[in-house]
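Notes for the one structure printed next.
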């Protein structure tokens, strides 16, 4: 946090190297979030770039009251909302199948002893879960991605999404319940 | 299966409210005890809890995705383009846009003591530098200087007219009028 602030102060004084350091530090987190908010990998990369361009242009307005992490995710979330408004017809319903199948080939199963059946099941579960995430309503998806995948605390999510803490908790519960229902054929009884 | 999970027995509602906290290890010891006791007695909620636990675990194991190898190069190209456009774009509008932010930052609660001290010192210095002034002098009633400056040439002119050999009676009347407005003696002398 302190190191972030130092970088921000330097970036605010037009130090491009400091901004570069910020990008290197956060680009993976931001991309990992956006890539599950939009169906196309190329769009996700474009939106991640746009997030950092906007951050660069408005770095002087950044206030130390929010963390840099929260600020960047707020920009990214707003861009995803704009994107989904523009692509209302297809957002959340289509998946970039070619991109996903490429990624499936590279996916590693962290805890599997070599058991082809289990590997197959985990692959299938992972693919089902990715699809289920894309089909979640945007509000629920945002919260579950920020909490369960990015590991942000409730209060930061409330600040990013602009809703009360209780709403974050209920959206998280609803998102998890919807995902469980979608995956229930694959889950243990 | 899902119909069974939707069944609600006594205590299912409160138990399901605790489920999120249970999954995130945020329950107190007492809440955990209440939930575990319910789960031991309610197969539907126990199954729900197991499946929710598994779902959350799967979510947290999802592969992390990363940007392409060209991301940084593309980003820097865009930032260069933005910077090239920046002098025209940034100077007036950005400065105006930044004003509220700078003002709000000044109002940051942590800076109030420093801001207050600064204002107090400024007020004190202004008070000391202020010139000491006595009572404001009341202006005396000034003589009608403009009136005199008009009357004197007029009298001179009228006197000249009165001295005209043609002896204009209108000039005599004018002279009488000037005499009424304060210069009568002069006019009479001129007439004589």
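Throughout, read-outs are computed from the coordinates displayed, never taken from laboratory work. On a predicted model such as this, the values are computed, not experimentally measured, just so you know. Cβ atoms come from the backbone with ideal geometry, glycine included; neighbour counts cover every protein chain shown.
With the simple spin-label model, which puts each label point 7 Å out from Cα in the Cβ direction, the residue B:152 to residue B:32 separation comes to 10.9 nm.
Need one value for B:44-51: mean number of C-beta atoms belonging to other chains within 10 Å of its residues' C-beta atoms.
Rounded to a whole number, the mean comes out at 3.
Using 0.36 nm per residue, how much length does the chain from residue B:73 to residue B:54 gain when fully extended, once their Cα-Cα distance is taken away?
Values: separation 19, 0.36 × 19 = 6.84 nm, distance 3.99 nm.
Stretched fully, the residue B:73-residue B:54 segment lengthens by 2.9 nm.
Residue order for B:33, A:71, fewest other beta carbons within 10 angstrom first, comes to B:33, A:71.
Listed by Cβ neighbour count within 10 Å, with the fewest neighbours leading, A:19, A:73 appear as A:19, A:73.
Counting, for every residue in A:154-163, the Cβ atoms of other protein chains within 10 Å of its Cβ and taking the mean gives 0.
Neighbour counting of Cβ atoms within 10 Å sorts the residues A:9, B:30, fewest neighbours leading, into B:30, A:9.
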